[in-house]
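Student: Below is one structure. I have some questions about it.
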Amino acid sequence: MKKHCRIVAIFMLSILVLQVYVYAETEYAYSLGHDFGKDSCWTRDYEGDFTMNVDYANAVYGMMGYTSYKSYNPTYTYVRGDNPAGDDRLGSAIVFINGHACYNRIILGDTVDDEEHKCGVHKDKDYKSSSSGYTYAGLDGRDLRKTKLISFVGCKTATKSDNLCTAAKAAGATTVIGFNGYIHSRNTGGPYWLRCFHNALYNGSSIKEAANLASIASPESDLGTNIVIIGDENLILHATTSKKSSGNIMMKLQDTIMNSKTTDSKINYDVNNLKSIDGKININTRNNFQLDKKYILNTIGKVTVDSDLGKYKLICNEYQEGQGNGLIKITYYIDDIKTSDRTIVIVDGNKLQYSSNKLGFEYKKAVNENDIIIRRNKFLENVDVIDLSNKMNELYVGAKVLEEINEFYYDYSTNKLYYVINKVFSYPNSEGMEFIETHKIEVNE
């Protein structure tokens, strides 16, 4: 009799497990982004194609087992609507939004679109802007308690104390990603960074580990030095359904943080204290951090003599305030010429972890640094850079140029030197959104 009862119990348990498997809740993922076309600053129209990043995110989420959707031309009704389960579409398990943005909004339609397609997401309640004509789906009052990860991939989406990211977290999202500065998600290593980030998520990395791996893989990208993670940094995305593809996405890295040397020594400064208003700081410009800079460079074997310290500049980014996790990007300079020689140092729990600076690129070919300096000097002798900048400003008729960031850049892999002009500008009706355009001028030998 007892044996019979045991058999019945095991049978019932098997049925129970089978029922849980079959009736597991379907989880949804949405990837949103628009192709704004090739218009530029002088047309007063937004430009740039975000759809390639949307395509990749959508494909990876689908392979992870989520019922994944994408939209290049969402309407306001679509964005503020429900998913097939009847939940807020913005409250789905995963939401990826890539577009022009600022701290309180991100747009998903062009200025030339009709009223329904001139839409976006706002940190506050639903509303229509009288100045721009855009209608926004607000996060205030929306239910994001089922949202594992929502990403706002746009410039400055995590700046100020009250922003898109804090609003999404307040609405119930487990983890929110934003950025605390100007970023290039469509070029300059941005698309590759996002691909490596999603590859790592697929392969089982946590959110912070995925950010680490992507930054190591794409050190030229500014996404790693500007990313902000609010909520659970250690979240690993698993779909509740068992539909994950048996295939594997390989990270194309020669060195990853898994293979890199870790020191047991605590970094002898508080990472949080290095954060400036925009979340990053050039450590070498702060005299009181000179010893820390020396410690870091000595620890990873970049510098053996103090006279070389000035050749390196460090940018620090802590992913989430007070958690001690993030990265330090180390860039080598020839005089004031920025180079492609970069090393990403991973900070995990305030412990230093570093990667090789080889990373699939051929750094520091045999070059005479003095020759590079001579090329720069000849360019400055023959070109009036102030006049060049003023002529470029003529392209921005109707826009307001807010800032200009100029630098020389040398690429070891191509032996090419560039004069780089970054223009930060805004439009009269851009409602706080700022844009950055990069112009590269090759300096001939």
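Student: Rg to Rh for the range 369-443: what is it, with Cα atoms only and Rh by Kirkwood? Present the calculation step by step, with values, prior to reporting the outcome.
Tutor: On the way: Rg = 14.8 Å, Rh = 13.8 Å.
Ratio value, two decimals: 1.07.
Student: Determine the distance separating the Cα centre of the range 102-125 from the Cα centre of the range 134-178; give it in Å without decimals.
Tutor: The two parts, judged by their Cα centres, are 14 Å apart.
Student: How many nm is it between the label spots at Met52 and Tyr192, if each spot is 7 Å from the Cα in line with the beta carbon?
Tutor: 1.2 nm
Student: Let me ask something additional. What's the Cα-based Rg to Rh of the range 26-231, Rh via Kirkwood? Walk me through the numbers on the way to the answer.
Tutor: Numbers: Rg = 15.6 Å, Rh = 16.7 Å.
Rg divided by Rh gives 0.93.
Student: Of Asp384, Asp411, how do they rank once you tally other Cβ atoms within 10 Å and put the fewest first? Spell out each step's value before the answer.
Tutor: Working: Asp384 10, Asp411 16.
In order of increasing Cβ crowding within 10 Å: Asp384, Asp411.
Student: Using modelled amide H (1.01 Å from N, peptide plane; none on Pro or chain starts), what sits under 5 Å from the amide H of Phe50, excluding residues fewer than 5 places away?
Tutor: His34, Asp35, Phe36
Student: In the range 369-443, if the dipole is taken from +1 on Lys/Arg beta carbons and -1 on Asp/Glu beta carbons about the Cα centre, which of Leu395, Ser413, Val385 is farthest to the positive end?
Tutor: Of Leu395, Ser413, Val385, it is Ser413.
Student: Next question. Non-local amide H neighbours of Ser68 (under 5 Å, H modeled in plane, Pro and chain starts lacking H): which ones?
Tutor: Under 5 Å from the amide H of Ser68: Ala29.
Student: Going by Cα centres, the range 292-313 and the range 385-445 are how many Å apart?
Tutor: Between the Cα centre of the range 292-313 and that of the range 385-445, the gap is 31 Å.
Student: While we're here: Residue separation times 0.36 nm, minus the C-alpha to C-alpha distance between Asp336 and Asp35: what's the value?
Tutor: On the way: separation 301, 0.36 × 301 = 108.36 nm, distance 3.66 nm.
Extending this stretch completely gives an extra 104.7 nm.
Student: Give or take rounding to whole Å, what are the principal axis extents of the alpha carbon atoms in the range 401-443, in descending order?
Tutor: 42, 14, 10
Values in this text are rule-based calculations from the coordinates and carry no lab data. Bear in mind the structure is a predicted one, so any value in this text is a computation, not a measurement. Note that we place each Cβ from the backbone using ideal geometry, even for glycine, and neighbour counts take in every protein chain shown.
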